[in-house]
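Heads up: the structure comes next, in structure tokens.
The values are calculated or read from the model by the stated rules, or taken from the named source; none is laboratory data. Predicted, not measured: the structure shown is a model, and the values here were computed from it. Backbone-built Cβ (ideal geometry, glycine too); neighbour counts: all protein chains shown. With ligands, DNA and RNA removed, areas are computed over all heavy atoms of the protein, side chains included. Shrake-Rupley method; radii C 1.70, N 1.55, O 1.52, S 1.80 Å.
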Amino acid sequence: MDYSATQSGFRQQPNMRLRNSFMDSSDDSQLFDDTSRAGATSQTGYRNQQAGPQAAGFPGQSLLSDPMSNLAVAYGSSLASQGKEMVDKNLDRFIPISKLKYYFAVDTLYVGKKLGLLVFPYMHENWEVSYQQDIPVAPRFDVNAPDLYIPAMGFITYILVAGLALGTQNRFSPELLGVQASSAFVWLIMEVLAVLLSLYLVTLNTDLTTIDLLAFSGYKYVGMIVGVVAGLLFGRPAYYLSLLWCCAAIFVFMIRTLRLKLLSEVAAEGRLVRGARNQLRMYLTMSIAAAQPIFMYWLTYHLIR
């Protein structure tokens, strides 16, 4: 009995321990749950503490970022201004951009009058350019002032008309049109360079600039366009007649315009030209005017067949 009691008692002791272990495990699980909740709460609070400064931004960050950004913007703007000044300075040596604005200051009334003067210059009397405080007035206020609008548009229109003429003859190709445009441009540059060289050799003091020469040399495209269009519409005889008229018109226009630029004041007034230098000026004026019909025929005769 004692042994059984002892055995029963011995057997009951593990049951008590199991109960105690169950209670301890329940207590331990309860303690673990509380600890995890507390840790989660503390972790959430820590995250909120981290998000707070990032959302609000600390003053040191603004103090570091603003001066650096301002310095970078100032440095970039200074570099841009210096680069612009350098480009403008070097560009003005070869292409005076500020002066080009004067030659494109035209309007519709000026263009109409100038085209009429280029086609029929015989009735025009006053060929002098108007000045205002030693500065020539804009072309839109004076039909005698040179411009670059008509030569530029004339060159482009001439290329388009040449392409049309080649197309009507089944000879059009982009390569041939490019050759036509490049040859016309090269002849124009060679003409201007030849006139500049002649002025240098003659040692002539004149207010005629390179842009003026480019403008006067580009006026012949108007007569070239008239001749080609007439030839396309009415045949080869109309081409020769219209081109002959335009050649005579541009010759008269160049003589009456350039004599005020190249000849002396005495020759410009219509008096007798005396002296070797004045004769050289007269020959140079005649040569420039006579070269215009030659170029007009050379650049258009192959377009009419």
When the stretch 227-241 is checked residue by residue, the ones that are part of a helix (DSSP H, G or I) and surrounded by fewer than 21 Cβ atoms within 10 Å (Cβ to Cβ) are VAL229, LEU232, LEU233, PHE234, ARG236, PRO237, ALA238, TYR240, LEU241
Residue pairs within 7 Å by beta carbon, gap of at least six or interchain, first lying in the stretch 163-181 and in a helix (DSSP H, G or I), second open to solvent by 70 Å² or more (accessible area, probe 1.4 Å), listed first then second, are GLY163/PHE172; LEU166/PHE172
Within the stretch 140-162, of all residues that are more than 30 Å from LEU260 (Cα to Cα) and free of Cβ contacts under 8 Å to residues at least 40 places away in the same chain, the one least open to solvent (accessible area, probe 1.4 Å) is ILE159
Exercise for review: Output yes when any residue across the stretch 116-125 is touching a residue at least 40 places away in the same chain (Cβ under 8 Å), open to solvent by less than 60 Å² (accessible area, probe 1.4 Å), among the small types (Gly, Ala, Ser) and on the phi < 0 side of the Ramachandran plot, and no when none is.
Suggested key: no
Scanning the stretch 242-260 residue by residue, those open to solvent by less than 30 Å² (accessible area, probe 1.4 Å) and of a type outside the set (A, V, I, L, M) turn out to be SER242, CYS246, CYS247, PHE253, THR257
>> On the basis of being touching a residue at least 12 places away in the same chain (Cβ under 8 Å) and more than 32 Å from the chain's Cα centre (by Cα), does ILE255 make the cut?
In response: yes
